[in-house]
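The values are calculated or read from the model by the stated rules, or taken from the named source; none is laboratory data. Just so we're clear, the structure is a prediction, and the values are computed from it rather than from any experiment. Ideal geometry is used to build each Cβ from the backbone, glycine not excepted, and the neighbour counts take in all protein chains shown.
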Amino acid sequence: MNNDLFETGLTNRRAVLGTAYVDASLAAATDFSRDLQEYVTQYCWGDVWDRPGLSFRDRSLVNLGMLTALNRGHEFKVHVRGALNNGVTRDEIKEVLMQTAFYCGGPAALESFRLAQEVFTAMDAEATAGAAGA
């Protein structure tokens, strides 16, 4: 393993997805899945996400469209949070999903709208709980 690339990937992955999510994913890795977690961290997050051609914000927008097209709900929800962490607005997410309605089809867009709303609702509840505890 390239430790420098892995550490860069870990930094990028945490910046986009949040430390708690990444640490939980890595902690949940088994002997069976650990190699994949290391591969994704090293090459996706340490190499591809670290390229200078697109900002994290732009990469997030691209990911939302691709994950909608591929109907990958779990990863889509993870990347909705990541997109918001990267400065993408809810209205911009809506516009990406409107674009997918034409190019990927209505059912794919409807599912992604539903999943995005789940994330928004959860994040709003977390913010309310955090404000109440402050």
So which residues in the range 50-74 are in a loop (DSSP other than H, G, I, E, B) and either within 20 Å of A15 (Cβ to Cβ) or touching a Phe, Trp or Tyr at 6+ places or on another chain (Cβ under 8 Å) (or both), if there are any at all?
D50, R51, P52, G53, L54, S55
Return yes when A109 is touching a residue at least 40 places away in the same chain (Cβ under 8 Å), over 30 Å from M1 (Cα atoms) and surrounded by 12 or more Cβ atoms within 10 Å (Cβ to Cβ) and no when it is not.
yes
Take the range 77-106 and flag every residue that is touching a helix residue (DSSP H, G or I) at 6+ places or on another chain (Cβ under 7 Å), outside any helix (DSSP H, G or I) and free of Cβ contacts under 8 Å to residues at least 40 places away in the same chain.
G87, V88, C104
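Table: residues versus (1) within 17 Å of the chain's Cα centre (by Cα); (2) basic (K, R); (3) loosely packed, with under 13 Cβ neighbours inside 10 Å; (4) not assigned by TED's automatic domain parsing to the domain that holds N12.
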| residue | (1), (2), (3), (4) |
| --- | --- |
| A28 | no, no, yes, no |
| V40 | yes, no, no, no |
| D47 | yes, no, no, no |
| R59 | yes, yes, no, yes |
| G65 | yes, no, no, yes |
| K77 | yes, yes, no, yes |
| Q99 | no, no, no, yes |
| A127 | no, no, yes, yes |
